[in-house]
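Please treat every number below as a calculation from the coordinates, not as lab data. Keep in mind that this is a model prediction, so the values were computed, not measured. Every residue, glycine as well, gets a Cβ built from its backbone with ideal geometry; the counts of neighbours run over all protein chains shown.
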Amino acid sequence: MMRAYCRYHWIPTLAAINFRSDNESPAAPEMIEALVRANESYEFAYGDDGYSAALTKKFSDLFETDLVVFPLATGTAANSIALAQMCPPYGSIYCHAHSHINTDECGAPEFYSAGGKLVAMQGEHGKLDAADLSNLLSKTGELGDHEVLPSAVSISQATESGTVYTPAEVASLKTAALTRELPLHMDGARFANAVQTLGCSPSEITWKSGVDVLSFGATKNGGVMAEAIIVFNQDYAIQLGRRRKRAGHLLSKMRFVSAQLARYIEDGLWLDLAKKANDAAQRVSDGIKNLDGLTLEHPVQANEVFVRIPDAIADGLYKAGFEFHRWPGTTDLYRLVMSHCTTTDEVDAFLQKAGDLCE
Ligand SMILES: Cc1ncc(COP(=O)(O)O)c(C=O)c1O
């Protein structure tokens, strides 16, 4: 059998069922059709095209407020450029220890902010706790110029543990952040999955709860390199265009990203795609609860399932062709990610095999 390297394992390439990452899933046909349509004519470059121009209105309607949209190609760029708007070189950003900005962006937030410091906090199930944040912030300020200036708070929605913040939880974090007048950034690489689970409006879970800037992701949920920074608090839009250009993310053929983003939020496509992924994750989670030997690590509230699996069972599942990551730094914690492409048959085949191996 052919083998290929991935970050955490040597993995078989011919395996049939991929629960490794939503980044590995195919794009949604609707998004490809949007790309094909955007390819039918000449368009002005660098975001001066009709697709990009139309985004402000479309996203303003979706979020029920005035806002500014900056399309770009990756979630790392969205997070880092957004945070650089909030955090000076001598500032700090409070985030969860397991947040993508802290563990998986190779220092990009620090790089783009020209030295901003990430303050990594613990928190159950991947979430920051408002009381902890208040407490930590209350301990700053005594050392004057010797300490970094608290400058921003960043949370992920859905979190890297597959959980979601409720609007009340986001609002409490904002209240805590405001004790030091800090803005709130939301990493929404899986924003659709969170909104679909919460069943709330996009506005309720963002600016109405105190979010100033959102990194809005579409790539993991059916897009092809389609992300955006959505700025609700216009203070953080100032010169963001130049920052994006400087970072190499003012794409000459921006229309292809913008056309996707427009299609993504049209007719609820983004939530329909997220529902497929979330439903599959729920099915996996429900099935695992009935298996002796496998233990869920976090509540399953989006499209990711974190589960403790004994070695022999994990090996058996790998050998049977199921692909999923062991979580870095652990020996028996695994992450299974469902996408808009995951089928009920795939989930049931996994549960059947896991059940057999548990006996
Ligand atoms: C929570 C979260 N934020 C941000 C990103 C960054 O996205 P990208 O890989 O497009 O830079 C990811 C990617 O996996 C992610 O999981």
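Answer yes or no as to whether Pro328 is of a type outside the set (A, V, I, L, M), in contact with a His (Cβ under 9 Å, 6 or more places away or on another chain), surrounded by fewer than 22 Cβ atoms within 10 Å (Cβ to Cβ) and not in a helix (DSSP H, G or I). Can you show your working first?
Working: of a type outside the set (A, V, I, L, M): yes; in contact with a His (Cβ under 9 Å, 6 or more places away or on another chain): no; surrounded by fewer than 22 Cβ atoms within 10 Å (Cβ to Cβ): yes; not in a helix (DSSP H, G or I): yes.
Considered against the rule, which asks whether it is of a type outside the set (A, V, I, L, M), in contact with a His (Cβ under 9 Å, 6 or more places away or on another chain), surrounded by fewer than 22 Cβ atoms within 10 Å (Cβ to Cβ) and not in a helix (DSSP H, G or I), Pro328 comes out as no.
For Val300, all conditions in the list (1) buried (at least 22 other Cβ atoms within 10 Å of the Cβ); (2) over 21 Å from the mean Cα position of the chain (by Cα); (3) not small (Gly, Ala, Ser) hold save one; what is the number of the exception?
Unmet condition: (2).
Which one of Val69, Val119 is in contact (Cβ under 8 Å) with a residue 60 or more places away in the chain, away from the ligand (no atom under 16 Å from the Cβ) and among the β-branched types (Val, Ile, Thr)? Break it down into steps so the answer makes sense when it comes.
Details: Val119 fails: in contact (Cβ under 8 Å) with a residue 60 or more places away in the chain.
Going through Val69, Val119 in turn, the sole match is Val69.
Taking the range 141-165 only, how many residues are hydroxyl-bearing (Ser, Thr, Tyr) and loosely packed, with under 15 Cβ neighbours inside 10 Å?
Here is the first cut: in the range 141-165, the residues hydroxyl-bearing (Ser, Thr, Tyr) are 151, 154, 156, 159, 161, 163, 165.
Subset that is loosely packed, with under 15 Cβ neighbours inside 10 Å: none.
Residues meeting the conditions: 0.
How many residues does the range 25-57 hold that are outside any loop (DSSP other than H, G, I, E, B) and within 16 Å of the ligand (Cβ to nearest atom)? So that I can check it myself, show each step before the final result.
Step one: of the range 25-57, the residues outside any loop (DSSP other than H, G, I, E, B) are 29-38, 50-57.
Cutting the leftovers down to within 16 Å of the ligand (Cβ to nearest atom) gives us 31.
Total meeting the criteria: 1.
With assigned to a helix (DSSP H, G or I) and within 16 Å of the ligand (Cβ to nearest atom) as the only criterion, which of Ser80, Ser60 stands out? Explain how you work it out, then say what you get.
Working: Ser60 fails: within 16 Å of the ligand (Cβ to nearest atom).
After applying the criteria, what remains is Ser80.
Can Glu110 be described as assigned to a loop (DSSP other than H, G, I, E, B) and either without any contact (Cβ under 8 Å) to a residue 40 or more places away in the chain or within 15 Å of the ligand (Cβ to nearest atom) (or both)?
On the way: assigned to a loop (DSSP other than H, G, I, E, B): no; either without any contact (Cβ under 8 Å) to a residue 40 or more places away in the chain or within 15 Å of the ligand (Cβ to nearest atom) (or both): yes.
The answer is no for Glu110.
Quick check on the range 331-350: of everything there that is surrounded by fewer than 19 Cβ atoms within 10 Å (Cβ to Cβ) and among the hydrophobic types (A, V, I, L, M, F, W, C), which residue is nearest to Asp104 (Cα to Cα)?
The residue in question is Leu333.
Could you say whether any residue in the range 166-178 is touching a residue at least 24 places away in the same chain (Cβ under 8 Å), outside any loop (DSSP other than H, G, I, E, B), touching a Cys at 6+ places or on another chain (Cβ under 8 Å) and farther than 21 Å from Tyr264 by Cα?
Yes - at least one qualifying residue is present in the range 166-178.
Which of the residues belonging to the range 83-107 are assigned to a loop (DSSP other than H, G, I, E, B) and either within 14 Å of the ligand (Cβ to nearest atom) or within 15 Å of the chain's Cα centre (by Cα) (or both)? I'd like the intermediate steps shown before the answer.
Initially, the range 83-107 is screened for residues assigned to a loop (DSSP other than H, G, I, E, B), giving 87-90, 97-99, 104-107.
Answer for the range 83-107, where residues must be assigned to a loop (DSSP other than H, G, I, E, B) and either within 14 Å of the ligand (Cβ to nearest atom) or within 15 Å of the chain's Cα centre (by Cα) (or both): Ala97, His98, Ser99, Asp104, Glu105, Cys106, Gly107.
For the range 263-297, give me the residue count where each residue is closer than 15 Å to Leu336 by Cα, surrounded by fewer than 24 Cβ atoms within 10 Å (Cβ to Cβ) and polar (S, T, N, Q).
Residues flagged as closer than 15 Å to Leu336 by Cα, surrounded by fewer than 24 Cβ atoms within 10 Å (Cβ to Cβ) and polar (S, T, N, Q) within the range 263-297 amount to 3.
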